[in-house]
Amino acid sequence: MAQFVKLQAEGLTALREMDERLVSYNVEMTEVTGGTFWKAYSEAQVDGTEEFPVIKDWTNMGNLQQWYDPIDTTNPRLIKLAKELGTAWVRVSGTWANKTYYDFEGKCNGVVPEGFQNLLTKQQWLNLLDFVKAIGGKLLVSIANCPGIHAADEPMPFDQADLLFRTSKEYGVPISAAEFTNEPNLIALSGLPHGYTAADHARDHDLFGAWLKKNYPECLFVGPCTVGDINLFGSLEGAGGGMAAGFDIVTTEQLLGDYKSKMDVFSYHYYNGVSERGAAMGGHWPYEACLFEQYLAVAANCARQYVDRRDRYVPGGQMWVTESGDAGCGGNTWASTYADVPRTLNELGEFSTVTDGVIFHNTLASSDYGFLKHGTFEPRPNYFAVLLWNRLMGKTCYASGEEIREGAHVYVHSRKDGKTGYVYLVINNSAEATTVELPKEAEAYVLTGNGKVRSRTMLLNGKELTLGENDTLPELTPVTVSGTVELPAYACAFYVL
């Protein structure tokens with residue numbers, strides 16, 4: 001059903017001020033050290049012309065992942081494109097981080113110590129710190145917690161953690177925020193000490209918080225870094241829904257126990273479902289649903305469910321989504337195409353109406369849901385979408401006055417340039433054009449797929465967005481519009497008033 005949207009030039013109610021680093025991202029530990037990560041899809045699978053084979057034995061990660069060499073965090077294109085996004089939090093974590101030995105003295109000769117899975121060299125870490133410094137960012141980490149660190153019934157020691165924190169601080173790029181363990185509620189999958197329980201985590205989480213406060217009081221204590229202990233994926237006649245049985249998901253309450261060491265920020269992980277790679281575990285949405293109301297509603301539903309816990313554990317604090325993307329297990333086959341742009345922009349818009357905080361996209365430059373393509377660092381449609389968000393949308397979030405509905409997801413912020421006025425984001429997730437009435441002349445940035453929704457490149461006002469010579473970004477030029485305009489089917493548009 002075609003929709004009509006009327007924008008306002010004044011009189012909107014301010015909801016909150018948003019963090020300037022709302023758009024942030026992960027550089028996974030496995031990217032820094034080299035290691036296994038999600039298998040790449042074939043070109044035909046990305047285009048949707050070849051089905052991804054059903055993998056029934058999803059417990060065998062060899063079916064889902066492959067080896068990748070470390071990414072080059074000194075690469076000029078990577079640094080340039082990251083800097084263009086503006087200041088951000090950079091999170092170095094992931095399941096791989098739970099099992100990483102910090103070989104900063106070079107004593108291991110490439111041999112991973114017993115109880116760990118991989119090595120982080122000092123040079124790899126310093127290169128990562130140089131990247132964070134180059135983009136004007138801040139660093140968030142989680143530390144190793146595995147059999148090589150301690151046994152389940154032994155309190156957590158922090159000599160390895162101190163090496164990471166001390167080296168970073170001495171180098172001039174301190175760790176500014178820390179989570180204890182990545183996704184500790186997936187105990188069976190997270191590489192934690194054998195026999196580790198929720199009670200063990202509660203003990204060690206408190207110990208880490210106390211250690212952090214004593215030794216690095218300037219560092220934010222963030223947590224509990226959980227995933228899936230709520231109705232994470234939503235449902236649509238069996239599509240989406242919760243994860244299938246096969247492993248236990250521990251609740252936030254169990255993980256934190258009596259909660260003696262207070263956190264500064266509440267964190268959780270959100271994905272809009274499970275990708276084709278892990279579909280056998282449940283929670284996979286078909287491509288045909290990627291613009292449905294039920295699908296786009298997942299991000300805000302997750303945020304609202306976690307608000308009560310944030311208010312309980314970190315009253316008055318921010319809420320951080322420290323991993324986010326279209327689907328767990330490395331993204332859907334369409335994650336690298338325009339088809340995921342409406343979801344990404346909708347997540348930023350809806351989250352801002354729920355709470356202040358930061359969203360860490362997973363990842364900057366790896367797997368099918370990365371802003372940049374692994375290896376080449378070519379920007380994908382989502383990169384240009386968040387680049388426009390960061391350039392146009394200011395910190396103040398307003399109530400749009402429009403009910404969220406198919407064809408009319410409307411969000412509004414102050415102008416990033418500091419001028420009086422508003423910037424509207426209108427997402428048309430329907431097959432019909434949406435009519436937008438403007439109160440005055442406006443600058444319009446209209447995003448569409450390049451000939452189709454599932455397109456590898458994106459158009460801005462009809463012009464393809466690709467890198468130019470010497471990695472020059474394309475001009476993000478608006479068109480001037482007034483009166484009543486038509487927003488095409490499946491298009492997203494920023495209107496600057």
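Of note:
- With neighbours defined as other Cβ atoms within 10 Å of a residue's Cβ, the residues E347, E432 order from fewest to most as E432, E347.
- Our note on the geometry: Cα centres of region 9-70 and region 339-415, 15 Å apart.
- Listed pairs K395/K452; K214/K373; K373/K419; K56/K452; K122/K213; K83/K107 exceeding 29 Å between Cα atoms: K395/K452; K214/K373; K373/K419; K56/K452; K83/K107
- Peptide ranges 310-316, 336-342, 409-415, 125-131 listed from the most packed, as the mean C-beta count within 10 angstrom indicates: 336-342, 409-415, 125-131, 310-316
- Built amide H within the under 5 Å cut-off of H150, gap 5+: none
- Phi angles across region 365-374 convert, under the Karplus curve 6.51 cos²θ - 1.76 cosθ + 1.60 with θ = phi - 60°, into 3J(HN,Hα) values of 8, 9, 6, 6, 9, x, 4, 10, 6, 4 Hz, Gly and Pro given as x.
- Sequence of F116, F52 once ranked by neighbouring C-beta atoms within 10 Å, starting from the fewest: F52, F116
- Using alpha-carbon coordinates, inclination of helix 341-354 to the longest axis of the chain, degrees: 80
- DSSP-defined antiparallel bridges as percent of all bridges, the chain, nearest 5: 50
- C-alpha long axis of helix 298-313 to longest principal axis of the chain, angle in °: 50
- Rounded, prolate or oblate (a/c below 1.5 giving rounded, otherwise prolate when a/b exceeds b/c) for region 23-124 by Cα gyration tensor: oblate
- Rounded, prolate or oblate (a/c below 1.5 giving rounded, otherwise prolate when a/b exceeds b/c) for region 18-394 by Cα gyration tensor: rounded
- Ascending count of other beta-carbon atoms within 10 Å, so fewest first, for F158, F371: F158, F371
- For region 332-338, 3J(HN,Hα) computed residue by residue from phi via the Karplus equation (6.51, -1.76, 1.60; θ = phi - 60°) reads 6, 4, 9, 4, 8, 10, 4 Hz, glycine and proline entered as x.
- Computed from Cα positions, the angle between helix 381-392 and the longest principal axis of the chain comes to roughly 70 degrees.
- Each stretch of four or more DSSP H residues adds -39500 (n - 2.57); spread over every residue of the chain, this sum gives -7000 deg cm²/dmol at 222 nm.
- The simple Förster model, with R0 at 25 Å and r as the Cβ-Cβ distance, assigns L189 and R312 a FRET efficiency of 0.45.
- Residue-wise HN-Hα coupling along region 24-40, computed from phi with Karplus coefficients 6.51, -1.76, 1.60 (Hz; x: Gly, Pro): 10, 7, 9, 10, 4, 4, 5, 6, 6, 8, x, x, 7, 8, 5, 4, 6
- Relative protection proxy for 205-216, 12-23, from highest mean packing down: 205-216, 12-23 (other beta-carbon atoms within 10 angstrom).
- When only Cα pairs below 8 angstrom with a gap of at least 6 residues are kept, region 388-472 shows a relative contact order of 18 percent.
Each value in this text was obtained by applying a stated rule to the coordinates, not by laboratory testing. Quantities reported herein were computed from a predicted structural model and do not represent experimental measurements. A quick note on method: Cβ atoms are made from the backbone with ideal geometry, for glycine too, and the neighbour counts reach across all protein chains shown.
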